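The values are calculated or read from the model by the stated rules, or taken from the named source; none is laboratory data. For clarity, every value in this text was computed on a predicted model and none was experimentally measured. Using ideal geometry, Cβ is built from the backbone for each residue, glycine included, and neighbour counts are taken over all protein chains shown.
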Amino acid sequence: MSDPADLRDLALAIAREVVPELRRRAGGVDVSATKSTVTDLVTEVDCWAEERIVARILDARPDDAVLAEEGAGVAGTSGVRWLVDPIDGTTNFVYGHPGFSVSIGVEVDNRPVAGVVVDPLLGDEFCAAHGQGTTRNGRPVWVSSVGDPAAALVATGFAYNSERRRLQAEALATILPRVRDVRRVGGAALDLASVSCGRVDAYFEWGLSPWDCSAGSVLVTEAGGVITLFKTTSSAPPFPVAVTGEEASMNWSDDLVVMATNRDLAKPLTELLFEAGALSGPSLNY
């Protein structure tokens, strides 16, 4: 069975099993390794949580595929794939700073159908399933109705690579004076959850991995929002190059920009991001 509501409920039950330990250990754990750069942190708790989550998924659904941030990968046969980020926002977790979460998304035949994002410090549980809407702690939520970028609170994030950070900062210098304000929480999953409940009006980021945004994308779309994926290019075309979610799922690349908005804000924010250079420029592969 691959009913989206059942998959959502299983994801929530599994996330709840690791949340108490994450809450207890936040701010009291050492960095055990780094990945792509010295700013890309891993702790023993990331590894413990991932092992626990993946084991529970496979115990309940042994034929499903799993893709997880810290390396766990299982090829399944059911057409269902779980995308797991055991601690999205590890730097926040290491410092005991709010802004980290457990993120578990589920795809069926390359289409995101269920997602759960749990904030251990605030206790927020964001859940969504295809056709069932999005809830925050059991209550329905929706994206905001802001349609003008000048009135929009926009969230974003920065890459681990220093050159990408420089390019992102240059784009932000153009964007910041033309929106209400910008927030940088440090966790993509919670940024997407914030769009889903209207805590921010929009979010964009370049260089995410599929486990960063699988669950959050379902939260946004089921709350009435829109997820748009743009492929950055080596030379700016006359318009942004968008790709479908199914294309991205089958062949995720490091040069995608993920944008989450309500429907009215999607077009004007796309135009602003393109003008600022956030949707074009060097396609860097690190």
Sole exception among (1) within 20 Å of V200 (Cβ to Cβ); (2) assigned by TED's automatic domain parsing to the domain that holds D63; (3) in a strand (DSSP E or B) for I104, by number: (1)
Residues that are at pLDDT 95 or above and of a type in the set (A, V, I, L, M, F, W, C), drawn from the stretch 68-86: V80, W82, L83, V84
Residue that is surrounded by 23 or more Cβ atoms within 10 Å (Cβ to Cβ) and not assigned by TED's automatic domain parsing to the domain that holds R178, where the choices are G76, G96, G89: G89
Number of the exception - V94 against (1) modelled with pLDDT under 95; (2) part of a loop (DSSP other than H, G, I, E, B); (3) in contact with a strand residue (DSSP E or B) (Cβ under 9 Å, 6 or more places away or on another chain): (2)
Any helices (runs of 4 or more DSSP H) falling wholly within the stretch 139-254 and containing at least 1 residues that are modelled with pLDDT of 95 or more, surrounded by 14 or more Cβ atoms within 10 Å (Cβ to Cβ) and not assigned by TED's automatic domain parsing to the domain that holds L269: none
Condition check for A260: in contact with a helix residue (DSSP H, G or I) (Cβ under 8 Å, 6 or more places away or on another chain), in a strand (DSSP E or B) and at pLDDT 55 or above: yes
Residue in the stretch 156-184 that is farthest from the chain's Cα centre (by Cα), counting only those that are within 12 Å of Y203 (Cα to Cα) and basic (K, R): R183
